[in-house]
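Scroll down for the structure; my scribbles are underneath it.
The values are calculated or read from the model by the stated rules, or taken from the named source; none is laboratory data. Nothing here was measured: the structure is a model prediction, and the numbers come from that model. Cβ placement follows ideal geometry from the backbone for every residue including glycine, while neighbour counts extend to all protein chains displayed.
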């Protein structure tokens, strides 16, 4: 293999994440050449529709995956949280990396210590039901309204006064060099992120052994374990990508603790649980946590969304 073709979304953040993957592969394969294949996803084209109104999965990923299926690329790079949760026989997630930052953060005008410091009735821009439910659970007076556009666009809308604040993933801000814009960084055990948030997923065709071997060299085991544990919770809950629910897995030594919540859209019916167990039994911990949530009524809540 002399050249590796990499499919990615064409956004600035997606290109930066692709470069992270390129740099990691190049460490092990300095003679390898790279070709970036930029793809416009449906999510890049339709920037108006609120994410929770989408019935289809793969809004940001399907077109990029198709480049693999059609042999227009050898690998595909995604934000792991955007990938639909479910098995795919022909395409596999061959590497997971760079999950240093998984938390959400709040962008508003000025620094604050907590959500309590926001003015009464503050208007927060978010197109995530997960974020909306947690915001309203903490502060029922907040006004959560849809916001779309890339990260700088959303920040600009806050700075222009269209919103009092917006919630964004810390990882994206860090990769874009915008952490100075952060007003408040949330504790992910309290304001729970999306499954695999902050992780970069690299896909390849299931039968492409040479590429799979290449990607195995850059697979980060802790990032894969936490991401896949979180995704397993959602899989067992039969939760989609755009539901008011979140999950976060944390490794401490030989143990793993998993935090999760399921809510109605407005944060009124809010079920949260945590489960700890041996790291080697992460799958079992995820399944038990999901079962506890279902027993507490999570299935009914998710069905209503």
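For the reader, a short list of remarks on this structure follows.
- Only one of 129, 118, 106, 135 that is buried (at least 21 other Cβ atoms within 10 Å of the Cβ), in contact (Cβ under 8 Å) with a residue 12 or more places away in the chain and farther than 30 Å from residue 200 by Cα: 118
Let's see how each residue does on (1) at pLDDT 95 or above; (2) part of a strand (DSSP E or B):
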| residue | (1), (2) |
| --- | --- |
| 23 | yes, no |
| 47 | no, no |
| 55 | no, no |
| 63 | no, no |
| 67 | no, no |
| 71 | no, no |
| 94 | yes, yes |
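- Sole residue being closer than 19 Å to residue 127 by Cα and touching a strand residue (DSSP E or B) at 6+ places or on another chain (Cβ under 8 Å), chosen from 202, 262, 258, 233: 262
- Residue, nearest to residue 79 (Cα to Cα), within the range 131-164, restricted to residues that are touching a helix residue (DSSP H, G or I) at 6+ places or on another chain (Cβ under 6 Å) and not in a helix (DSSP H, G or I): 147
- Residue match in the range 244-255 (condition: surrounded by fewer than 20 Cβ atoms within 10 Å (Cβ to Cβ), in contact (Cβ under 8 Å) with a residue 60 or more places away in the chain and not assigned by TED's automatic domain parsing to the domain that holds residue 71): yes
- Pair list, Cβ < 6 Å and 6+ apart or interchain, from the range 185-211 residues that are assigned to a helix (DSSP H, G or I) to residues that are at pLDDT below 95: 210/1
- Looking across the range 243-258, the residues that are farther than 18 Å from residue 85 by Cβ and either modelled with pLDDT under 95 or assigned to a strand (DSSP E or B) (or both) come down to 250, 251, 252, 255, 256, 257.
- There is at least one residue in the range 173-183 that is in a helix (DSSP H, G or I) and more than 25 Å from residue 10 (Cβ to Cβ).
- Considered as a group, the residues in the range 99-130 that are in contact with a helix residue (DSSP H, G or I) (Cβ under 6 Å, 6 or more places away or on another chain) and over 23 Å from residue 149 (Cα atoms) include one that is modelled with the lowest pLDDT, and that residue is 99.
- Each residue in the range 1-21 was checked for being part of a helix (DSSP H, G or I), without any contact (Cβ under 8 Å) to a residue 60 or more places away in the chain and touching a strand residue (DSSP E or B) at 6+ places or on another chain (Cβ under 6 Å), and 1 of them qualify.
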